[in-house]
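Got a structure for you, questions after.
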Amino acid sequence: MLIADDHKLVRESLAMLLNADPRLLVLAHCESGEEAVELAKRLQPAVVITDMNLPGINGFETTEQVLQQSPQSKVLALSMHTQPAYVRKFFQMGAMGYVTKNSSKEEMVKGIIEVSNNRKFICEEIKNILAGQELNGIANSDGLYSLSKRELAIIGYVRKGFTSGEIAESIQLKKKTVEVHRHNILRKLNLPNVAALVNYVNHSQMALEL
């Protein structure tokens with residue numbers, strides 16, 4: 001098992017806690033996403049526990065890159081954030097589980113065992129929030145997570161004021177292709193124009209790094 005967290009006390013305490021369970025073994029821990037990717041490549045851990053707020057590349061990018069270097073590893077996100085948007089993004093990047101830092105030791109261990117057995121896991125705190133949103137009819141309200149990586153990248157350029165031509169030159173696409181992507185983005189999000197798109201993204205459930 002590998003732990004990535006930018007707080008030394010957190011990762012050392014977590015390693016000690018988990019190593020006390022005879023079913024678990026922490027091979028290493030680190031403070032950055034880049035280190036996690038390198039260690040995952042070298043150690044090929046069964047489970048990688050990653051925080052979201054890491055120096056350098058964030059937990060989302062860490063998840064994606066870890067799985068590229070160690071495809072058999074299972075990623076369990078550990079975060080202080082309880083917004084379902086973060087959970088959806090982690091799963092979109094390939095994570096198998098999500099627990100908050102309010103979770104108990106028992107729930108953390110259960111999450112590790114579940115994801116190591118290739119089963120998805122969400123802690124009770126997040127499940128309760130999701131259930132509450134469903135009751136209020138607002139589950140999955142952040143449509144940004146229906147977009148492709150290419151579309152999200154284009155939104156990033158749009159927010160910076162790039163024209164279709166400038167975007168096309170930056171990401172080496174034809175201008176017409178970029179315009180098609182922009183049209184599809186507005187259609188998927190049911191928005192009338194670029195100004196509405198920028199406002200939507202700025203007020204999204206999550207500050208995406210676009």
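Looking at (1) surrounded by fewer than 18 Cβ atoms within 10 Å (Cβ to Cβ); (2) over 18 Å from the mean Cα position of the chain (by Cα); (3) closer than 30 Å to A153 by Cα; (4) among the aliphatic types (A, V, I, L, M), can you tell me which one L39 breaks?
Status for L39: all satisfied but (1).
Oh, and also: Could you tell me whether region 9-16 includes any residue that is within 14 Å of the chain's Cα centre (by Cα), without any contact (Cβ under 8 Å) to a residue 60 or more places away in the chain and under 23 Å from N117 (Cβ atoms)? Step through it out loud before you land on a result.
Of the residues in region 9-16, the ones within 14 Å of the chain's Cα centre (by Cα) are none.
Checking region 9-16: not a single residue is within 14 Å of the chain's Cα centre (by Cα), without any contact (Cβ under 8 Å) to a residue 60 or more places away in the chain and under 23 Å from N117 (Cβ atoms).
From the list K105, K110, which residue is under 20 Å from R11 (Cα atoms) and without any contact (Cβ under 8 Å) to a residue 24 or more places away in the chain?
Numbers: K105 fails: without any contact (Cβ under 8 Å) to a residue 24 or more places away in the chain.
Result of the check over K105, K110: K110.
How many residues does region 18-35 contain that are farther than 17 Å from S116 by Cβ and of a type in the set (A, V, I, L, M)?
We begin by selecting, within region 18-35, every residue farther than 17 Å from S116 by Cβ; these are 20, 29-35.
From what's left, of a type in the set (A, V, I, L, M): 20.
Summing the residues that are farther than 17 Å from S116 by Cβ and of a type in the set (A, V, I, L, M) in region 18-35 gives 1.
Sort out which residues of region 59-85 are within 10 Å of the chain's Cα centre (by Cα) and either open to solvent by 30 Å² or more (accessible area, probe 1.4 Å) or farther than 20 Å from I122 by Cβ (or both), and write them in order of number.
Listed by number, the residues that qualify are E61, E64.
Continuing with this model, one more query. Scan region 185-210 residue by residue and report those that are closer than 25 Å to E61 by Cα and either open to solvent by less than 70 Å² (accessible area, probe 1.4 Å) or at pLDDT 90 or above (or both).
Of everything in region 185-210, those that are closer than 25 Å to E61 by Cα and either open to solvent by less than 70 Å² (accessible area, probe 1.4 Å) or at pLDDT 90 or above (or both) turn out to be I185, L189, L197, V198, Y200, V201, S204, Q205, M206, L208, L210.
Enumerate the pairs (first residue in region 150-174 and touching a residue at least 12 places away in the same chain (Cβ under 8 Å); second residue anywhere and of a type in the set (F, W, Y)) with beta-carbon separation below 8 Å, excluding pairs fewer than 6 apart on the same chain, so at least 6 apart or on different chains.
Once the first residue is touching a residue at least 12 places away in the same chain (Cβ under 8 Å) and sits in region 150-174, its partners that are of a type in the set (F, W, Y) give I167/Y157; S170/Y157; S170/F162; I171/Y157.
Given the criteria within 26 Å of the chain's Cα centre (by Cα), on the phi < 0 side of the Ramachandran plot and in contact (Cβ under 8 Å) with a residue 12 or more places away in the chain, does R187 qualify?
Working: within 26 Å of the chain's Cα centre (by Cα): yes; on the phi < 0 side of the Ramachandran plot: yes; in contact (Cβ under 8 Å) with a residue 12 or more places away in the chain: no.
Here the answer is no, as R187 does not meet what is asked.
Tell me the residue from K110, K89 that is more than 21 Å from E35 (Cβ to Cβ) and buried (at least 20 other Cβ atoms within 10 Å of the Cβ), please.
Values: K110 fails: buried (at least 20 other Cβ atoms within 10 Å of the Cβ).
Every option except K89 fails the conditions.
The values are calculated or read from the model by the stated rules, or taken from the named source; none is laboratory data. For clarity, every value in this text was computed on a predicted model and none was experimentally measured. All Cβ positions, glycine included, derive from the backbone under ideal geometry; neighbour counts span all protein chains shown. These accessible areas exclude ligands, DNA and RNA; they are computed on the full protein's heavy atoms, side chains included. Shrake-Rupley method; radii C 1.70, N 1.55, O 1.52, S 1.80 Å.
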